[in-house]
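Structure, as structure tokens:
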Amino acid sequence: MTKSELIAQLAAANPHLRQPDVELIVGTIFDEISAALARGDRVELRGFGAFSAKQRDPRTGRNPRTGEAVEVASKAVPYFKPGKELRERVNGGPLQAPRRTTGRGAATAE
């Protein structure tokens with residue numbers, strides 16, 4: 001699924017929202033996740049998974065064309081760890097009803 005397909009599905013599922021508003025919402029969510037990872041923060045979406053940045057140490061790599069040794073600097077790479085509910089859905093487990101929060105903060109299944 002591409003970002004534009006996600007926006008189209010969300011817009012179709014929420015006819016009370018205009019397509020440009022859905023685009024803004026999706027873009028803002030992605031921008032905030034990216035900004036948090038750039039700051040070194042962890043982003044956890046309960047039931048879905050957690051995004052974090054892992055540090056890779058410097059190493060000596062090889063140029064595939066010449067075989068020459070090349071120094072590769074340390075860097076941070078984005079990492080995603082799926083949550084239990086997502087893993088179960090992907091592996092064909094039972095689909096649970098989406099959870100919603102009541103006015104008092106307690107989660108209930110619909």
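Name the single residue, out of those in segment 91-110 being closer than 26 Å to Phe30 by Cα and part of a strand (DSSP E or B), that is modelled with the lowest pLDDT.
Ala107
Could you list, in sequence order, the residues of segment 10-27 that are surrounded by 10 or more Cβ atoms within 10 Å (Cβ to Cβ) and either assigned to a helix (DSSP H, G or I) or of a type in the set (Val, Ile, Thr) (or both)? Give the steps one after another, and end with the answer.
Initial filter on segment 10-27 (surrounded by 10 or more Cβ atoms within 10 Å (Cβ to Cβ)): 10-12, 14, 17-27.
Matches in segment 10-27: Leu10, Ala11, Ala12, Gln19, Pro20, Asp21, Val22, Glu23, Leu24, Ile25, Val26, Gly27.
Take the residues in segment 62-90 that are part of a strand (DSSP E or B) and more than 29 Å from the chain's Cα centre (by Cα); name whichever of them is farthest from Leu37 (Cα to Cα).
Across segment 62-90, the extreme among qualifying residues is Ala69.
If you check Phe51 against the conditions, is it open to solvent by less than 90 Å² (accessible area, probe 1.4 Å), under 23 Å from Glu88 (Cα atoms), of a type outside the set (S, T, N, Q) and touching a residue at least 12 places away in the same chain (Cβ under 8 Å)?
Judged against the criteria, Phe51 is a match.
Could you run through segment 28-38 and say how many residues are surrounded by 13 or more Cβ atoms within 10 Å (Cβ to Cβ) and either touching a Phe, Trp or Tyr at 6+ places or on another chain (Cβ under 7 Å) or farther than 22 Å from Pro82 by Cβ (or both)?
Matching residues across segment 28-38 total 2.
This table checks each residue for (1) out of contact with any Lys or Arg (no Cβ under 9 Å at 6 or more places or on another chain); (2) closer than 25 Å to Arg87 by Cβ; (3) at pLDDT 95 or above; (4) among the charged types (D, E, K, R).
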site: Leu6; (1), (2), (3), (4): yes, yes, yes, no
site: His16; (1), (2), (3), (4): yes, no, yes, no
site: Asp21; (1), (2), (3), (4): yes, no, yes, yes
site: Val26; (1), (2), (3), (4): no, yes, yes, no
site: Gly40; (1), (2), (3), (4): yes, no, no, no
site: Gly49; (1), (2), (3), (4): no, yes, yes, no
site: Asn63; (1), (2), (3), (4): yes, no, no, no
site: Glu68; (1), (2), (3), (4): no, no, yes, yes
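The values are calculated or read from the model by the stated rules, or taken from the named source; none is laboratory data. Quick caveat: nothing in here was measured; it's all calculated off a predicted structure. Heads up, the Cβs are rebuilt from the backbone with ideal geometry, glycines too, and the neighbour counts pull from every protein chain shown. Surface areas here come from the heavy atoms of the whole protein model, side chains and all, with no ligands, DNA or RNA. Shrake-Rupley method; radii C 1.70, N 1.55, O 1.52, S 1.80 Å.
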